[in-house]
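Here's the structure, in structure tokens; my notes come after.
Every number in this text was worked out from the coordinates using simple rules, so none of it is lab data. Everything quoted here is computed from the prediction, not taken from an experiment. Methodologically, a virtual Cβ is constructed for each residue, glycine included, from the backbone with ideal geometry; neighbour enumeration extends over all protein chains shown.
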């Protein structure tokens, strides 16, 4: 059942029906516009995260987002070129895959203990993470 039919069942006059229908159409257009903006913003944030951006807010300000569009297939147009240019000009805004800190520690993905963990003391028989008490 259409909205007009439901409103007509309420006993609204033709003027009221026209006004309510116009408001409904306006709200629907605003909602569609807000959803499109939300989809675009989410797609941009997802692409920036995939590009290993260190600070999303700074990179967004450096980009010309008015030139970025979401096509019918849900893919971004115009962002990859801008990101590549920004990677060339300001590489410090993007992270790398390597661990440059040189700090050895527990890596949950490997499921092992850190390499610098103390070994068991041969005299006391403790160490290696065991408790004395």
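At-a-glance table
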| read-out | value |
| --- | --- |
| Estimated Rh, the stretch 3-93: Kirkwood, alpha-carbon pairs, angstrom | 16.1 |
| FRET efficiency, residue 2 to residue 33 (Cβ-Cβ, R0 25 Å, nearest 0.05) | 0.65 |
| Computed label-point distance, nm, for sites residue 62 and residue 47 using a 7 Å Cα→Cβ extension | 1.6 |
